[in-house]
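The values are calculated or read from the model by the stated rules, or taken from the named source; none is laboratory data. Model, not experiment: these values are computed from the prediction. FYI the Cβ positions are ideal-geometry reconstructions off the backbone, even for glycines, and counts take in every protein chain you see. Accessible surface is based on the protein model in full, side chains and every heavy atom, while ligands, DNA and RNA are left aside. Shrake-Rupley method; radii C 1.70, N 1.55, O 1.52, S 1.80 Å.
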Amino acid sequence: MLDVLDTAGQEELSALRSQWIRSGEGFLLLYSITDKTSFDELEEFRTQILHVKDVTESEAPPMVLVGNKCDLPNRQVPTSTGAALAKAWGCYFMEASAKSRLNVDESFFCVVRKIRELEGVSFSEDKVKPRKSKSSCLLF
């Protein structure tokens, strides 16, 4: 069972964020590829997760970095920039489109798979693959 909490754009709920982070086992960190500011704010969220969980970077809970809106042409964050950040953080990266549902399910499957692996349940990596599209969305 997943408990999905979406607090995007809801600053009045930021006071509850620490409580939600404490109970979270995995995290999808999303940004809009058409909004560089949303990408720049990711470091603050990740730092807060590590602080609230009281863990080091090497002990970080499962995280998946997701660049949303890959169906739109006015890109401000290159795919390579998102991939480089995910590599630096040691987490998975993919681009998605909520509008066309490209890699939406896959992003949730990925974070759940990582949570389950920490619990000792293994999954075959080839069970979930990103869908192909004519856009530049990639799963790394």
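Within the stretch 82-103, the set of residues being open to solvent by 50 Å² or more (accessible area, probe 1.4 Å) and under 22 Å from residue 49 (Cα atoms) comprises 84, 87, 88, 90, 92.
If you check residue 87 against the conditions, is it under 17 Å from residue 114 (Cα atoms), over 12 Å from the mean Cα position of the chain (by Cα) and of a type in the set (Lys, Arg)? The answer is yes for residue 87. Select from the stretch 109-135 the residues that are part of a loop (DSSP other than H, G, I, E, B), at negative phi and loosely packed, with under 12 Cβ neighbours inside 10 Å and write down the one among them that is modelled with the lowest pLDDT. This residue is 134.
From the list 106, 57, 43, the one residue that fits, being at pLDDT 95 or above, loosely packed, with under 14 Cβ neighbours inside 10 Å and either out of contact with any Gly (no Cβ under 6 Å at 6 or more places or on another chain) or not charged (D, E, K, R) (or both), is 43.
Scanning the stretch 20-52 for residues that are assigned to a helix (DSSP H, G or I) and farther than 15 Å from residue 5 by Cβ yields 36, 37, 38, 39, 40, 42, 43, 44, 46, 47, 50, 51. Answer yes or no: is there a residue in the stretch 62-82 that is without any contact (Cβ under 8 Å) to a residue 24 or more places away in the chain and among the aliphatic types (A, V, I, L, M). No, every residue in the stretch 62-82 fails to be without any contact (Cβ under 8 Å) to a residue 24 or more places away in the chain and among the aliphatic types (A, V, I, L, M).
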